[in-house]
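Here the structure comes first, spelled out in structure tokens, and everything after it is commentary.
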Amino acid sequence: MRTRRDPEEPPLCLVTGASGYIGGRLVPELLDAGHRVRCLARNPGALRDHPWAGRAETVRGDVTDAESVAAALDGVDVAYYLVHALGSGRDFEETDRRAARVFAERARAAGVRRIVYLGGLTPEGVPERELSPHLRSRAEVGRILLESGVPTAVLRAAVVIGSGSASFEMLRYLTERLPLMITPSWVRTPVQPVAVRDVLRYLVGCARLPEEVNRTFDVCGPDVMTYRAMMRRYAAVAGLPRRVILPVPLLTPGLSSLWVGLVTPVPASLARPLAESLRHPVTAREHDIARYVPDPPGHPLGFEAGVELALRRIKEAEVSTRWSSAATPGAPSEPLPTDPDWAGGSLYTDHRSRVVDAPPEALWRVIEGIGGENGWYSLPLAWSVRGFLDRLVGGVGLRRGRRDAARLRAGDSLDFWRVEELERGRLLRLRAEMRLPGLAWLELRVARDARGRTVYRQRALFHPRGLAGQAYWWSVVPFHAVVFGGMARNIARAAEAPGDGA
């Protein structure tokens, strides 16, 4: 039985997917609108360094686990469902279906007043069986939530334009890197993009929808255009020369996703559903959301305005979340084991240590600035080749870069690593998200020895999976002295250099 809430108390909103691109931006918007916020996360530690972390409650749980979902929904007024299992395997549709049913049942039992779900815009007149698996699953999840018995608002968006979104990153890098493009035929498909600022405004506004509202809403910007037109208009806004675009019918969504994966930071595993979603026109059929969440002057933003805002955020290094903020599909998420015989296998390590003739603060600045444009301080060609090979087999490669050029936070993606632990000034632990026959971590530490000198300590760890993992470790051991030894040596030198490695 739901406890009666004090009418003077602000509504409590549960945000699932708070570590993701939209969820990580929605939380502060809800807080600024006067709501209380609770976040459901499989790894609450990944949220602790967000600027809003001290203002929101975080609970551990998973949307497929009924018990943890029930606990998270206790006392909740509005529940935001912003998760999906895309890329988690061939059965991701079943995972999405099961999770949505768990969430719907537990929300009804908890007496939640409203569910808000952000889904995908589906083409009019196209049978559901002909939709891409991605859009088909999004549509099914929306139906399950609408039939839950809890008043539900399903917002359906097409291409989201905003700094760090997967759709925007794909558009940006394709346009900037290829003045002459031979493109798949889907670049001629009409779409109706929407600025992320408007998506967030609609999501926040849905918290106060009347109880009788239980329906879908199309949320789009004012411009209908082809992807080819978006690339040309992006080039104009960014001050680039006019792009020559030659569509050809031979590039299937699968082939074009591999092409996108090689040219842009977006891996093929994510590019494919984005490309498949563009096989049919995706434009809004109504704008009824404005009856309940009125558009202020100048909104919804047009395409050029959305691009200008996104580019300004990138230029000013104010990208709060990126498409890679959420865990990479298929990437390992297990934390570093404390027991060397964890999971019944070996834990191989490579240790390096160097005394550094510099203050600890200078060494830490180098450590926290690693990756992205600064590279990995040893054999750049070898790291580039490893990143390229990872992308060939569907991994993320090195092109994700960094969210911020100088500062890291727990949960950040960093090239083909993710920040698993961060103790500012002392420890950076990275978990590998490249394709490997096992699990891998890299630890970089700042310490002092008995004589008070600054010491750099580096530890690489690998937990092999089967014979392939064992073979992989022993095949790369001969290169460790060059790769890891060079890294330790060059990081120490960078800290000792004039300017304190800044």
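Looking only at residues that are open to solvent by 10 Å² or more (accessible area, probe 1.4 Å), among the aliphatic types (A, V, I, L, M) and at pLDDT 90 or above in segment 84-111, which one is nearest to S167 (Cα to Cα)?
Ranking the candidates gives V102 first.
Restricting segment 12-35 to residues that are part of a helix (DSSP H, G or I) and of a type in the set (V, I, T), which is surrounded by the most Cβ atoms within 10 Å (Cβ to Cβ)?
V27
From the list P247, P273, P294, P193, which one is out of contact with any Gly (no Cβ under 7 Å at 6 or more places or on another chain) and modelled with pLDDT of 90 or more?
Only one candidate qualifies: P294.
Would you please name the residue that is most open to solvent (accessible area, probe 1.4 Å), looking only at residues in segment 113-156 that are in a loop (DSSP other than H, G, I, E, B) and closer than 13 Å to V213 by Cα? Don't jump to the end; show me each part of the working.
Within segment 113-156, the first condition is being in a loop (DSSP other than H, G, I, E, B), and the residues that meet it are 113, 121-127, 131-132, 147-151.
The next check asks that each one be closer than 13 Å to V213 by Cα; those that pass are 113, 147, 149-151.
Details: R113: 100, E147: 140, G149: 67, V150: 5, P151: 25 Å².
Ranking the candidates gives E147 first.
Identify all residues within segment 191-224 that are open to solvent by 50 Å² or more (accessible area, probe 1.4 Å), over 26 Å from V112 (Cβ atoms), not hydrophobic (A, V, I, L, M, F, W, C) and not in a helix (DSSP H, G or I); write none if there are none.
P222 - this is the single residue of segment 191-224 that is open to solvent by 50 Å² or more (accessible area, probe 1.4 Å), over 26 Å from V112 (Cβ atoms), not hydrophobic (A, V, I, L, M, F, W, C) and not in a helix (DSSP H, G or I).
Please find, within segment 457-469, the residue that is farthest from the chain's Cα centre (by Cα) out of those that are open to solvent by 60 Å² or more (accessible area, probe 1.4 Å) and not aliphatic (A, V, I, L, M).
Among those residues, the one meeting the criterion is R457.
So is L258 in a helix (DSSP H, G or I), modelled with pLDDT under 75, surrounded by 21 or more Cβ atoms within 10 Å (Cβ to Cβ) and within 25 Å of the chain's Cα centre (by Cα) or not?
Against the criterion (in a helix (DSSP H, G or I), modelled with pLDDT under 75, surrounded by 21 or more Cβ atoms within 10 Å (Cβ to Cβ) and within 25 Å of the chain's Cα centre (by Cα)), L258 does not qualify.
Restricting to segment 61-83, count the residues that are farther than 20 Å from L31 by Cα and open to solvent by 40 Å² or more (accessible area, probe 1.4 Å).
5
Which number in (1) closer than 30 Å to L398 by Cβ; (2) modelled with pLDDT of 75 or more; (3) of a type in the set (A, V, I, L, M); (4) in contact with a Pro (Cβ under 9 Å, 6 or more places away or on another chain) marks the one condition that L301 misses?
(1)
Among the residues that make up segment 12-19, is at least one of them at pLDDT below 90 and not hydrophobic (A, V, I, L, M, F, W, C)? Explain how you work it out, then say what you get.
From segment 12-19, those at pLDDT below 90 are 19; that's our starting set.
When the remaining residues are screened for being not hydrophobic (A, V, I, L, M, F, W, C), the result is 19.
Among the residues of segment 12-19, at least one is at pLDDT below 90 and not hydrophobic (A, V, I, L, M, F, W, C), which makes the answer yes.
Out of all the residues in segment 437-456, which are open to solvent by less than 30 Å² (accessible area, probe 1.4 Å), of a type outside the set (F, W, Y) and either at pLDDT 95 or above or on the phi < 0 side of the Ramachandran plot (or both)?
The answer is L439, A440, L442, E443, L444, V446, A447, T454, V455.
The values are calculated or read from the model by the stated rules, or taken from the named source; none is laboratory data. The shown structure was predicted, so the numbers you read here are calculated from the model rather than taken from an experiment. Glycine also receives a Cβ, built like all others from the backbone with ideal geometry; neighbour counts cover every protein chain displayed. Side chains included, ligands, DNA and RNA excluded: accessible areas come from the protein's heavy atoms. Shrake-Rupley method; radii C 1.70, N 1.55, O 1.52, S 1.80 Å.
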